[in-house]
Every structure is written in structure tokens, then in C-alpha cells.
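Here the structure comes first, spelled out in C-alpha cells, and everything after it is commentary.
Read-outs: derived from the displayed coordinates by stated rules, not from any lab. None of the values given here were measured: they were computed from a predicted structure. No Cβ is skipped: glycine too gets one built from the backbone with ideal geometry, and neighbour counts run over all protein chains shown.
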Amino acid sequence: MRILAITPGEPAGIGPDLLLQYVSDGSLPSPDISLIAIADPAMLTARALQLGLTVDIRTLSPADNISEQIRSNATDAPPALYVWPVELNAESVPGQLDTRNAAYVLETLRTAITGCQSGQFTAMITGPVHKGIINDAGFSFSGHTEFLAQQCQVDQTVMMLATEGLRVALATTHLPLRDVADAITKTSLSRTIEILHNDLVNKFSIQEPRILVCGLNPHAGEGGHLGREEIDIISPVLTQFRQRGWQLNGPLPADTLFTNKYLADADAVLSMFHDQGLPVLKYKGFGAACNITLGLPIIRTSVDHGTALDLAGSGTADTGSLVTAINAAIQMARHQSGQPS
Ligand SMILES: NC(=O)C1=CN([C@@H]2O[C@H](COP(=O)(O)OP(=O)(O)OC[C@H]3O[C@@H](n4cnc5c(N)ncnc54)[C@H](O)[C@@H]3O)[C@@H](O)[C@H]2O)C=CC1
Ligand SMILES: NCC(=O)COP(=O)(O)O
């Protein structure tokens, strides 16, 4: 049995709602896959009540064999959600952030990561966290992508969002815009391209990935008149990889790269910064896209949206991205074990 761990993220956001809606809809695509929520069972029970959803919340005992507990409790009706319990520090009110629950959010992530590393879980799927409230609580945290790199002790990870027909990876992630240019060095960009290329080959079965690379500056620097990063950093790095036979097209002006003329012949786009690539991806596929962390020894996918505090507890949040994230994790797991997807 494959066990997918899901962290609903910020308890005051829509993560718990989406998970409960997903389970209540009976959306799991295969009977040999089980979902375990790593969360506070009382919070999930209260949220299900608020949403008017009938979900049988079953708290697991982490010290005992998890697969055995799921097997022996299997039932058809009503939909069941197995929960690895992690207790909130304060009762959570939908829409109202509370610094006291930041440690809880981080603990759910650590539990999922440890379970994936030990092989207990096949993959982890994350709901949205609120980066601001975690920092307000005194924890330095810029995103799952960076936290996962730290916890898995890898030198670098790459954020890639994917929807039908478009994959966008980022050379930098959660940085103030004024720090972006300095963060793009030959070393960091080379590592990003290596991770992106290798994961497209090994995790997505694209034997010779074709990657479009955005410039950083308007018009890809206009020959050095609008910035020199393309000349001094990006082009030399691309030249170095082309010598290995890798198919890298760029640096191209980002404003015209995202057109069919270029995208039709590409497997992925590498954007230089968060808001260069993600608005395009979200314009194309918001709600039907997911976020995949590349460069990790474990599988992690996530929703394409944030905590949407305005919708928490309302039952109106769209589960489309969660479905996409869960399906992507399953597909990656099947690929990893050599099964047809
Ligand atoms: N994977 C993660 O953990 C992510 C976390 N965030 C965090 O979320 C917080 C809020 O970020 P925002 O920029 O406001 O983005 P957001 O995605 O939470 O909200 C943007 C807009 O999209 C709507 N929306 C989001 N998800 C929706 C869904 N499933 N169904 C229907 N409508 C939906 C919201 O109601 C809002 O109007 C921030 O702290 C940010 O860091 C943002 C993106 C990803
Ligand atoms: N815009 C994507 C995002 O902010 C999610 O980042 P992460 O938490 O997955 O690193």
C-alpha cells in the first residue's frame, strides 16, 4: 500500500477545508493508495462540522504500524480520513491567523518529511502555509521549497509549477526583488539548470529536455544597454551546458518567450524570478496546476495557491489544485517504481 502524507498547512486557511472536501468527494484515484493527514484531528473534526461535511476522522497511533492500522480499519462509508495527530497550540478560527500555531505548522512538515525519508510515506503533498505568520512567530521561514532543502540537507532545490501544457521553474524563489539580481550567480544558475534537467529526465521521463531560459532584464538586457546579467552570467552558463549537448534556448526576452512560437517546442521554462514566471503559469492554469519541488530525495508536491483566508471555512474553495498535486505525486511515485503511469 502506498501512503501519501498530506499536510493541510495553515489551520486558519483553506488547506483543511480542501482536504475534507477532497475526502468527502471520494476523489482518491486508486484503492491501493491511502492518504494520511498530518494535522490536529480536533481541528479537522470542527472544520468538517462547520462545512457540513460527513467525514469519519480516524486518529492513528504513530507508534504502531500505520499500514496495518489502515488495513484493519478499512471501511466504505462514510468517507474516512486517517490522521497522524499533531496538536495545535491554540484553537484555530478560520480566517484568523495566530502566531501560537506556527510551531504546529512546522511540526506537521517535519513529520511528513521524516516519514518520507524513512520510506513510511511514498510522498508528501502540502497545503498552503502562511509565511508571514510563521516569521511573526519568530521562525525564519521563506517557503516549503527552502525548508525542504534544509531538512533534507541538500544544497539547493528548484521550485517548478506545472499545468497541462506548461512547466515553469524558477532560478530564484522567495526573495525581495531588489536582491534577485545578486542571487543569480554562475554557481547558483548552473546548479538550478542541473537540477531541472536531471529531474526532467529522471522524474518525468523526458529523455532530452528542451528548456527555454528567460533573461533577467527587459529585452534580455538589450545587448547590455538594459543590464549585463545576460552577457556576464546567463549566456556563459548556457554555453557551458550546451557543450554537454543539453538543449537550452536563451536567454530570451521573457515578455515574448511565453508565446506558442517558443512554448510549442519546449518541455519547461526557466524563469529568473518568482513573479516573472508564475503569473503566466497561473493565468494559464490556476486551480489546475501544482507546485513540485525538484532536487529532493523525496517526492513533494503542493497546491498552486495560498491560504486564501477570505475563503476559509466557507466551503467555496476550489479543490482543483489539490487534486492536481495529489495526482502528480502519485504519477511521480509510479514512475519512480517503474510502474506505468
Ligand atoms: N504552497 C504554499 O504554501 C503557498 C502559500 N502562499 C501563502 O499564502 C498567503 C496568501 O497569499 P495570497 O497571495 O493572498 O494568495 P492566495 O492564493 O491565498 O489568494 C489569492 C486569491 O486567490 C483566491 N484563491 C486561492 N486559492 C483558491 C482556491 N483554492 N479556490 C478559490 N479561490 C482561491 C483567494 O481567495 C484570493 O482571492 C501568503 O502568506 C503566501 O505566502 C502562497 C502561495 C503558495
Ligand atoms: N508561489 C509559490 C509559493 O509561494 C509556494 O512556495 P513553497 O511554500 O512551496 O516554497
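Couple of notes before you dig in:
- Its residue count N sets the reference 2.2 N^0.38 Å, and the alpha-carbon radius of gyration of the stretch 101-176 equals 1.18 times that reference.
- Peptides 46-55, 287-296, 187-196 ranked from most to least packed, by the mean per-residue count of other Cβ atoms within 10 Å: 287-296, 187-196, 46-55.
- Applying both filters, DSSP loop and at most 15 other Cβ atoms within 10 Å, to the GluC sites (Glu not before Pro) of the stretch 75-175 gives 87, 91, 164.
- Maximal additional length on extending the residue 96-residue 49 stretch stands at 15.1 nm, based on 0.36 nm per residue less the C-alpha distance.
- Remark: spin-label model distance residue 334-residue 154 equals 2.3 nm, labels positioned 7 Å along the Cα→Cβ axis.
- Quarter the surface of the alpha carbon convex hull of the chain and you get the mean projected area, 17.1 square nanometres.
- Put simply, the amide H of residue 57, placed in the peptide plane, has neighbours under 5 Å in 81, leaving out anything fewer than 5 places away on its chain.
- Inter-part distance where the stretch 256-310 and the stretch 139-203 are each reduced to a Cα centre, Å: 12
- Sorted on the mean count of surrounding Cβ atoms within 10 Å across their residues, most packed first, peptides 276-286, 241-251 read 276-286, 241-251.
- Computed over the stretch 134-254, Kirkwood Rh from alpha-carbon pairs, angstrom: 15.7
- For the pair residue 256 and residue 61, label points projected 7 Å from Cα toward Cβ lie 6.7 nm apart.
- Note that the stretch 1-59, at 37 °C in a medium of 0.692 mPa s, gets a Stokes-Einstein diffusion coefficient of 279 µm²/s from its Kirkwood radius over C-alpha pairs.
- Chain lengthening between residue 69 and residue 242 when straightened (0.36 nm per residue, less Cα-Cα): 57.1 nm
- Charge tally for residue 332 (other residues, Cβ to Cβ under 11 Å; Lys, Arg +1; Asp, Glu -1): +2.
- FRET efficiency estimate (nearest 0.05) - Cβ-Cβ, residue 316 to residue 164, R0 25 angstrom: 0.55
- Dipole check for the chain: with +1 at the C-beta of Lys and Arg, -1 at the C-beta of Asp and Glu, and the Cα centre as origin, the magnitude is about 680 Debye.
- Residue 10 long-range amide H proximity, modeled H, under 5 Å: 129, 130
- Rough spin-label spacing in nm, given labels placed 7 Å along Cα→Cβ, for residue 1 and residue 226: 5.7
- Backbone amide hydrogens, once placed in the peptide plane, bring residue 216 within less than 5 Å of 230, excluding anything fewer than 5 places away on its chain.
- Packing rank of 254-267, 223-236, 7-20, where each peptide gets the mean count of other beta carbons within 10 Å, highest leading: 7-20, 223-236, 254-267
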